[in-house]
Amino acid sequence: MEDDKLVIDAPVVSIDNVEAVNSVAPHEISREQQLYFKELTTKCISNEKQVRDEAVHSLSTDPGLAAVLPRLTVFIIEGIRVGLGDCKMYYIQYMLEMLDNLLQNKAIRLAKLLHDIVPS
């Protein structure tokens, strides 16, 4: 069963051909979870508003996000950093919408990742 898992150590944010740094602590997720994460994050930053809105809304309702939650928080954190560095306010807005919807999801707990989201 170990073959079903991958250690993800790839760039976690991409926008307009800009890649952010790797996650500090890669964690194991299955191939299916890796594909889900890639599809979800791609849709969350889509130029098509309807696609983006549906993906972002799913963050508030999908109970199965726990496995990819550490990756999602890194994606959001790095997305904000990239948005600030490139002065892309729309991108920061996308990341904050993702975070807001994650906070509304009653099936997941962000408490363990709060120190990453809101640094001291």
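No value in this document is a laboratory result; all are computed from the given coordinates. Predicted model only: the values in this text are computed from it and were never measured. All Cβ positions, glycine included, derive from the backbone under ideal geometry; neighbour counts span all protein chains shown.
Could you list log10 I(q)/I(0) for segment 22-120 at q = 0.11, 0.23 Å⁻¹, which the Debye formula gives when each Cα is one point scatterer?
Scattering profile of segment 22-120, log10 relative to I(0): -0.30, -1.41.
Report, ordered by chain and residue number, the lysines lying within cross-link reach of Lys88, taken as a straight Cα distance under 29 Å and ignoring same-chain residues fewer than 8 apart.
Qualifying lysines at Cα under 29 Å: Lys38, Lys43, Lys49, Lys112.
Could you calculate the FRET efficiency of Arg81 with Ala111 from 1/(1 + (r/R0)^6), where r is the beta carbon distance between them and R0 is 25 Å, rounded to 0.05? Please list the in-between numbers first.
Numbers: r = 22 Å, r/R0 = 0.89.
E(calc), rounded to 0.05, equals 0.65.
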